[in-house]
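Novice: Below are the structure tokens for one structure; questions will follow.
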Amino acid sequence: MTVNVAETARPPSNPLDVVEEIVGANEWAFDRANDDELVVEITGKYCDYRLFFIWRQDLNALHFSCVFDARIAGPKRGEVHELLALVNEKLWLGHFDLCQEDGVPMFRHTILLRGSRGASVEQLEDLVDVALNESERFYPAFQYVVWGGKRAADALAVAMFDTVGEA
């Protein structure tokens, strides 16, 4: 009889316990409805963000979403989808998405933890840092498309423009 090594391995600890420690240390508002879900609210440079952490022990996966405090109206969604495709080409981790139900843009990423003892503080801090940095970096592009009436490629070019030095 063959023993499946994965079945005998200790499952990873719940990473939401670690997330809750990080959130508490940063004094961010949060709600933990149950053992598998945690919601955090953070104020960014351009808008407020809601961070959703969902733990799926059966998959040993932590799903993360950083949701913008913005809604995209139906007529703008086609151009926003084009922008999403262009923006996602620039990312190393995660991706941007648009919730079809309510038109809310978000950054999403899932961490698989099978074979590990759980997520480290550093991994979770990096996850939040990457999401917030990318959201802040590309938020203006969304605004240029939605409120400025710009084409996706033009909005992305403006958002990617990095200034050098100080004025």
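Novice: Anything in the stretch 40-67 that is in contact (Cβ under 8 Å) with a residue 24 or more places away in the chain and under 17 Å from D129 (Cβ atoms)? List them, or say none. I'd like the intermediate steps shown before the answer.
Specialist: Initially, the stretch 40-67 is screened for residues in contact (Cβ under 8 Å) with a residue 24 or more places away in the chain, giving 42, 44-47, 49, 51, 53, 55, 57, 59-67.
Residues satisfying the conditions are I42, G44, K45, Y46, Y49, L51, F53, L62, F64, S65, C66, V67.
Novice: Any residue in the stretch 13-28 that's hydroxyl-bearing (S, T, Y): show its pairings with residues that are surrounded by fewer than 19 Cβ atoms within 10 Å (Cβ to Cβ) at Cβ separation under 9 Å, as long as the two are six or more apart or on different chains.
Specialist: Final answer for the pair search is S13/R117; S13/G118.
Novice: Can you name the residue in the stretch 116-135 that is without any contact (Cβ under 8 Å) to a residue 12 or more places away in the chain and of a type in the set (D, E) and, of all such residues, is surrounded by the most Cβ atoms within 10 Å (Cβ to Cβ)?
Specialist: Of all residues in the stretch 116-135, those without any contact (Cβ under 8 Å) to a residue 12 or more places away in the chain come to 122, 126, 129, 133.
From what's left, of a type in the set (D, E): 122, 126, 129.
Numbers: E122: 8, D126: 13, D129: 10.
Per the stated criteria, the residue is D126.
Novice: Just for strands (runs of 3 or more DSSP E) wholly inside the stretch 1-92: which have at least 3 residues that are within 30 Å of Y144 (Cβ to Cβ) and at pLDDT 95 or above?
Specialist: Numbers: elements: 29-34, 37-43, 48-56, 61-68.
Where strands (runs of 3 or more DSSP E) fall fully within the stretch 1-92 and carry at least 3 residues being within 30 Å of Y144 (Cβ to Cβ) and at pLDDT 95 or above, they are 37-43, 48-56, 61-68.
Novice: Working only within the stretch 90-102, note down all residues that are surrounded by fewer than 17 Cβ atoms within 10 Å (Cβ to Cβ) and either touching a strand residue (DSSP E or B) at 6+ places or on another chain (Cβ under 7 Å) or within 30 Å of I22 (Cβ to Cβ) (or both).
Specialist: Going residue by residue through the stretch 90-102, those that are surrounded by fewer than 17 Cβ atoms within 10 Å (Cβ to Cβ) are 90-93, 95, 97, 99-102.
Scanning the stretch 90-102 gives K90, L91, W92, L93, H95, D97, C99, E101, D102.
Novice: Go through L62, L93, L84 for me and flag whichever is under 10 Å from the mean Cα position of the chain (by Cα) and of a type outside the set (K, R). Can you show your working first?
Specialist: Numbers: L62 fails: under 10 Å from the mean Cα position of the chain (by Cα); L84 fails: under 10 Å from the mean Cα position of the chain (by Cα).
One residue alone meets the criteria, L93.
Novice: On to the next question. Give the number of residues within the stretch 93-102 that are farther than 14 Å from A131 by Cβ and at pLDDT 90 or above. Steps first, please.
Specialist: Step one: list which residues in the stretch 93-102 are farther than 14 Å from A131 by Cβ, which gives 98-102.
Cutting the leftovers down to at pLDDT 90 or above gives us 98-99.
Within the stretch 93-102, residues that are farther than 14 Å from A131 by Cβ and at pLDDT 90 or above number 2.
The values are calculated or read from the model by the stated rules, or taken from the named source; none is laboratory data. Just so we're clear, the structure is a prediction, and the values are computed from it rather than from any experiment. Cβ atoms come from the backbone with ideal geometry, glycine included; neighbour counts cover every protein chain shown.
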